[in-house]
Structures are given as structure tokens and as C-alpha cells.
Amino acid sequence: MSETVEKTESYLAEAAGISVLVNGLTKTYNIYPRPVDRMMRRLPWWPTNPKQVHAVRDVNFQVHRGETLGIIGRNGSGKSTLLEMIVGTLAPDLGSVEVRGRISALLELGAGFDMEFTGRENLYLNAHLLGFSRDEIEHRVPSILEFSELGDFIDQPVKTYSSGMFVRLAFAVAISVDPDILIIDEALAVGDAAFQRKCFARIEKLKEGGATILFVSHSERMLLELCDRALLMHQGHQLMLGTPKDVVSAYHRVLFDPDWAAEATDPEAFRSRLGRDGIKDDQLVPLADTRTSRSHFDPSLVSKSRFEYENQGATLHDPMVLDQDGEQVNMLRHGDRYTYTYEISFHEDSREVRCGMLIKTVTGLELTSCGTTSRRQAVAFVPAGSTLTVSFAFTCSLLADDYFFNCGVSSVKDGARDFMHRIIDAVMIKVMPEPSLPAGHIVDLEYAPRVRLSTPDGEERMLVRDGVPVD
């Protein structure tokens, strides 16, 4: 590509609000049959004949400011190599990358860390490499330490860290720079659910502030919930770029159908077949039988992303989930009845008081909400010093995963409704898996399928009634 064309594309990209511009990226590695061939490859008379492997081949895309792009594909498809070239830690053999804004990245675990240094020393080292002065680093250290939750381990050598501890420190440093572009390569997959939610809550704030986010994940749900677009990589090729739903469907065909996987070696043929044949329903994979006999409370299951807004005349207390015996639980069974409850203390006279709750996934996807939203349900007047006890009874239709509950109370002041107090991610629960229900989905609508056979000779016979085969 000529220098004039590159400058023109760069100017147009900047005018269009593009944060990341990738043109024809290619990375090729030589694979030698013997170690001695690699050592002697510089000698002109030594026959080496290496095999060329294209880790990434002619990839082209652009990511707009404030957009979230997810990258998915099998292991070895070139996802990590692509991110490394975008970040600049790996030079492409062909093509170009242009990024606009401060970039921060979480690549492979331990990348950028000196194993002999302590966590604190690595914190200073990484912040310095990101361009911060000593004073700027000192200003950010308390928030980094608080977010990482490493405690006294921050002064231990990182070679003693678990993978989860690595992620805590690396993510805390990465977000401390308030990046314009955040790049994550599967790193959050090793964190516990509570810390993942804390990270995603921070990512949500970055998105709200206009940050551009690129991340690699094998989690289809994460792509569907977080991304504006998705990119499917296969054997170094850019197989598909489109909506998360379409890309995840295509990914399933590559994973589960040998014919489609064979077609995927030719991106043009693969895309042509997508348009010609469409994509069938996703396949379900059941979870192992790990169902627990009853609901219970696990004290280690605590929301680490809990955030309370400043109270404005009322305070929410003790949000929790109770089972039918009135016992506090956070390990729930699908299909059982529960109650989400909390108390509200009022510090001033309040009118038209309404209460509410909301349930969301680890990634922050809001699933459902409930509240005393109508005028008839609102409490007309609550005098100062009073307490309201609020409860929402529900049947757990959620499938196995971790979920978070919000709570809030509002009132009318000077003719306008406003929140008096809110708690975000107040309670964390886990719905336990069971083998009879599908994995990878969020909710069970308790379908009752029926199948009726009608033959050419007029016979009518029910084959399946309410999900049960008829003998």
C-alpha cells in the first residue's frame, strides 16, 4: 500500500471516529524440521526448507470509538497474535495497525511482570512503562491496591502468586490509567465470579466514558452480552465479522460440524455457504450432575462490586435472599421459591415512596426487575424515624450461573421523583447446576413440548405430551 493511500485512510479513519484501524495484518512463522536447521539457517549453503505457518493472514477491520469488539475462535486460530500486533508487542510481517488514544492491555498471564519483584514493585514498573511519573503513580497506588484486594501479598514476590492473583494485580494496573482503548486476552477467565463482576462493573464505566474495548473470549454469553460486534478467527483467517449473534452461530458450526469446519479453511467459501444455507440451532451441552440437595448459605460468596449511592433521606439495610423457611441463602436451586428482602430506614418525612429490585448477570446484563411502580402500590406517606420492610417473592427460573441483585427506594420531592438510596450489586447468588437443564443459557421458561403425528391414511397419534414420550 502506498504512503499516500495510507495517509488518506488514516485521515478518513480519524474523521470517522475510529480508534483502531487494522489493514492487511499478516504474521508468518518459519517451522524448521530440526533444531540444527534453525541454528544454521543464516548460512547460504545450508538447505533448511522451513515450513511457513501463517498465524494471522490478511486481517482487516476497524473499531469505532466507544465500541466493544469481541474476538472468538478455536485455540491456535490467531486471536492472541492479532491482539499482540495491535498492542505493539509483536511486529507484523505485512500490513499496518493504527490506534488513537491511550492503550492498556491484559495479555497472557504474567506478561510485563518480573517474577522476582514483589507485586508493589511490579505495580510501579508497569505504571512507569505506561508513561506515568512517580507522583502520578503514587496518586494511583491506593486505588490499585484497593481494587486488587491483594492485601499483604502485594509485598510478596509475584512468582508466589496464583493465576487469580496475577489477574487481580494486572487488571487493577490496566484500568488505573483510564485507557481510551482496553485490550483483554481471556485473562478474566481465571478470576472468581465475584471479582469478574467487579471487573465488568469497571468495564461498564469505561464504556460509558467512551472507551474502546477489544477482548478475546471463549465465552459465547460474554460476547452476546457485552459486544457491539464480534470477529471469528480460524487458522489465522478472518472468517467472519458481524453481529455477536451471527458470529456465535457461525462459531458453533465450526466447532460442531466437520463439514463446516472443513469449509472454514476457505473464508470466501465459508461466507458463501453461510449466505446460501443459513445456520442451524445451537447445540446444548449438559452440565455434570453437581446438584446440591438443598439451598444454603456460602459465606465466601460475597459481592465485591457492591456500590452504595449517597443516601438522600433514607437508608437501605440488610438486603438478602431467604428460602421458604426464612433462612438466609445465596446458593439457590432452580425451580424453588425464594424471597428477596431488605429494610429501609427513613430520616425524613417522605411521600409517594416506591421500592424496587433488579437482577443481572456477571457481565451486567439486566435480566428482570420488579417494584411498587404504580400509584396504588406506592406508600403515600412515611414519617421520619419509620422503617419499611420490603420483600419480593419469586420462583428461581434462572439457570446455573452467578447473579447479582440491586435494590433501591425513591420518593417524590418538590413534584419530582428521585432516588433516596440505591445499592448496586447488593447481593450475589449462585444458582446450582443440575443435569436435566441445559448449560450456557440464562433462564428456563419451562417449555412443555408436544408432538402429534398425522399420517396420510388419517391416523392421528400423540407422540410427545408435555415433554413426555407417549407409549
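Values as computed for the structure displayed
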item: Local electrostatic count, SER300, Cβ distance below 12 Å [Lys/Arg +1, Asp/Glu -1]; result: 0
item: For the range 307-431, alpha-carbon Rg over 2.2 N^0.38 Å; result: 1.07
item: Highest-first arrangement of 401-414, 196-209, 375-388, where packing means the average Cβ count within 10 Å; result: 401-414, 196-209, 375-388
item: Diffusion coefficient, µm² s⁻¹, Stokes-Einstein with Kirkwood Rh over alpha-carbon pairs of the range 81-134 at 25 °C and 0.890 mPa s; result: 190 µm²/s
item: Distance from the range 153-196 to the range 340-407 (C-alpha centre basis), Å; result: 33 Å
item: Extension gain from GLU366 to ASN30, taking 0.36 nm per residue of separation minus the Cα-Cα distance; result: 116.2 nm
item: Tally of Lys pairs whose C-alpha atoms are under 26 Å apart, taken over the chain, 8 or more apart or cross-chain; result: 29
item: Efficiency of FRET from Cβ geometry, GLU204 and HIS347, R₀ 35 Å, rounded to 0.05; result: 0.70
item: 11 Å beta-carbon shell around PHE405, net charge (K/R +1, D/E -1); result: +1
item: Square roots of 5 times each gyration tensor eigenvalue, C-alpha, the chain, largest first, Å; result: 44, 34, 22
item: Theoretical ellipticity at 222 nm over the chain - DSSP helices of four or more residues, -39500 (n - 2.57) apiece, nearest 500; result: -7500 deg cm²/dmol
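Every number here is computed from the coordinates shown, using simple stated rules; none is lab data. Please read all numbers here as calculations on a predicted model, not as lab measurements. Heads up, the Cβs are rebuilt from the backbone with ideal geometry, glycines too, and the neighbour counts pull from every protein chain shown.
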